[in-house]
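Below is one structure; the comments refer to it alone.
Each value in this text was obtained by applying a stated rule to the coordinates, not by laboratory testing. The shown structure was predicted, so the numbers you read here are calculated from the model rather than taken from an experiment. With ideal geometry, Cβ positions are generated from the backbone for all residues, glycine too; neighbour counts draw on all protein chains shown.
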Ligand code: AN7
């Protein structure tokens, strides 16, 4: 009987590709290694020959992809002697920062937009002992304040302008290439600050440039245990496709948006911090940006839950909403392999889910006849 080695997080897994040394104390909650699920029912209903995979980042320890970046950012903050971290957040970054700060014994200060953060995310930050600072303004106001205050107070910024965040997040691309044994043709993501689309492009680019490609005994990624030994992993990189909510789509407008609005509060961001990087990714990969309205976002969230059993938060569903539209129009051609990143878990935002749910809730007395009737009526 053989035992699989215990998975201890993405820094250990990709140590040689990340800025850590043998002495670095690693702050991890076992993040990364998330499922890449092949959709069955949705591609069939589109009537197109495509392979759609979703990378379910909602299964990270705090329920979003932010943990990939936060394990790196907090590990480095500790290494550099920091005692406190700070971020502005639409919710997920604050939940992740709070958790990793708790793990490391640091104080987390999180600036969130008053009233515009999903309940699950707020619950996380509060439970994990962060100092929650509600700003009478939006994410962009919070981000401006964080940058200003960090010049005067002894706090480390852990928003994605912290370069270690993108280093951690690039590992999602590694996992995808390893599992598919190639890069996808198209990678579709929600875009807010555009940190994640940038991080994925860094990851794909590093892998494609990798001469080792998992084929030698000296492979630093797998210590020669790679099941792909014998064939090169590297290959063409995907076209990176970024979707924004219509009311919050600076990349579509070609300019910053001052009052962003969308039901997908996670990406209610009008002044993206990785603006220049995102345009580089766009140009280098040959991909594009597009927008989806709130109705399309919620419809895709529902479709994914109802037809595939996968529950993601509204912002995440935009990757599928946009991909489906581009598959239908032929912009993403038949024969393509597509990965959509589901950035956050559906449980993050129960209010939005319940508000749009049409599932029958049948109320009965505690009697067998009534439960039997409820079954027969709804078969
Ligand atoms: C579920 O938590 O910016 O384009 O402060 O939570 O890398 O910003 C969240 C962003 C997509 C956008 N999906 O990613 C925050 C925050 C979900 C998110 C994004 C976010 P980026």
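A few remarks follow.
- The stretch 57-67, residues that are within 11 Å of the ligand (Cβ to nearest atom) and part of a helix (DSSP H, G or I): 57, 58, 66
- So residue 104, is it away from the ligand (no atom under 13 Å from the Cβ) and either free of Cβ contacts under 8 Å to residues at least 12 places away in the same chain or out of contact with any strand residue (DSSP E or B) (no Cβ under 7 Å at 6 or more places or on another chain) (or both): yes
- Candidate set from the stretch 259-279 (those that are out of contact with any helix residue (DSSP H, G or I) (no Cβ under 6 Å at 6 or more places or on another chain) and free of Cβ contacts under 8 Å to residues at least 40 places away in the same chain); member that is nearest to residue 205 (Cα to Cα): 279
- Selection status of residue 331, surrounded by fewer than 17 Cβ atoms within 10 Å (Cβ to Cβ), in contact with a strand residue (DSSP E or B) (Cβ under 9 Å, 6 or more places away or on another chain) and part of a loop (DSSP other than H, G, I, E, B): yes
- Residue list for the stretch 179-196, filter: in contact with a helix residue (DSSP H, G or I) (Cβ under 9 Å, 6 or more places away or on another chain) and more than 6 Å from the ligand (Cβ to nearest atom): 183, 184, 186, 187, 188, 189
- Test result for residue 363, within 26 Å of the chain's Cα centre (by Cα), part of a loop (DSSP other than H, G, I, E, B) and surrounded by fewer than 19 Cβ atoms within 10 Å (Cβ to Cβ): no
- Residues being in a loop (DSSP other than H, G, I, E, B), surrounded by fewer than 24 Cβ atoms within 10 Å (Cβ to Cβ) and in contact with a strand residue (DSSP E or B) (Cβ under 6 Å, 6 or more places away or on another chain) - total across the stretch 161-194: 1
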